[in-house]
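K.L.:
The structure that follows is given in the form of structure tokens.
The values are calculated or read from the model by the stated rules, or taken from the named source; none is laboratory data. Just so you know, these numbers come straight off a predicted model, no measurement behind them. Counting neighbours? That spans all protein chains shown, and the Cβs are built from the backbone with ideal geometry, glycine included.
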Amino acid sequence: MGTAFKPATTSPASWDAFTDVDAFVDAVLVELASMAGTKPTRRGPKPPLAGAALRKAILAIWCVCFCGMPWRAIGQLCDIPFGTLDTLFARWTRLGLWRRLLNRLIRAWRQACGDKPVPSAVIIDSPLSLSASGQLSGERSCHSAPSCFARGFDGGKKIKGSIVEAPRSMIHLAVDKYGFPLAIHVSPANIHDSKGIVPVLHQLAGRGFQGTALGDLSYRGERLSKTGEALGITLQPSAGGHGGTFIPEGIRWVVERSLAWISRYRRLR
């Protein structure tokens, strides 16, 4: 299942997300219009936002999510109460707006590349951790001085360090061969990968996926294998390194790239 790699002969042009803001706002408006007849609408004394005000609110939410701006700050800049923006974001999240947008983007991209809308294989992994403040840490160990109050030992990285923030949470996700996230689950950090990935498998099965799930050796075990078989998913674990050196195994490397994308997302820092 290896993939050929050909280095680029020229440096690709840098992508500017701000040039596609209008396309994002238009996509949100189209999705909201398609959801209007099937989803509950807002109730209250104030009329819902419409027209230019709605576009401004969508752009403000984009600034919060992409740029990491506080709700109060963006509320001052766009002259919309931050409580209104936060309520809109929460309501649209509950209605599944962002998931619908992502699913439509994934389908459009895969079909443009000549693939089927639903992949036949996914890649699963769970190497990232979230601190108590919600920041993405990536299971990093911090060096500490010998006189530090509390010192720990990272058995995997062989680095002595101190615990900076606790408790932590673990991110479990599944991506397709292009790196698009298909299912995500967050669990406490003390949950083993083979248990934390089970909700991800249920999410994949609920969206119609039946195929192979590629992962590292953390996903071995008869119990997890039987759980996958009951959902129509075949777990295929394999080693991803040798002697402490990371070696790409087939298309499994794309999940590492997806995790790198997530770690650079400012709202999750």
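K.L.:
Is it the case that I262 is at pLDDT below 85 and assigned to a helix (DSSP H, G or I)?
P.N.:
Here the answer is yes, as I262 does meet what is asked.
Quick grid of which residues meet (1) modelled with pLDDT under 90; (2) in contact with a His (Cβ under 9 Å, 6 or more places away or on another chain); (3) over 24 Å from I191 (Cβ atoms); (4) in a helix (DSSP H, G or I):
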position	(1), (2), (3), (4)
G208	yes, no, yes, no
L214	yes, no, no, no
L235	yes, no, no, no
V255	yes, no, no, yes
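K.L.:
Ok, one more. State yes or no: is G179 assigned by TED's automatic domain parsing to the domain that holds S258, part of a loop (DSSP other than H, G, I, E, B), of a type in the set (G, A, S) and in contact with a helix residue (DSSP H, G or I) (Cβ under 9 Å, 6 or more places away or on another chain)?
P.N.:
Against the criterion (assigned by TED's automatic domain parsing to the domain that holds S258, part of a loop (DSSP other than H, G, I, E, B), of a type in the set (G, A, S) and in contact with a helix residue (DSSP H, G or I) (Cβ under 9 Å, 6 or more places away or on another chain)), G179 qualifies.
K.L.:
Tally the residues that are under 19 Å from the mean Cα position of the chain (by Cα) and of a type outside the set (G, A, S), restricting the search to the range 70-100.
P.N.:
9
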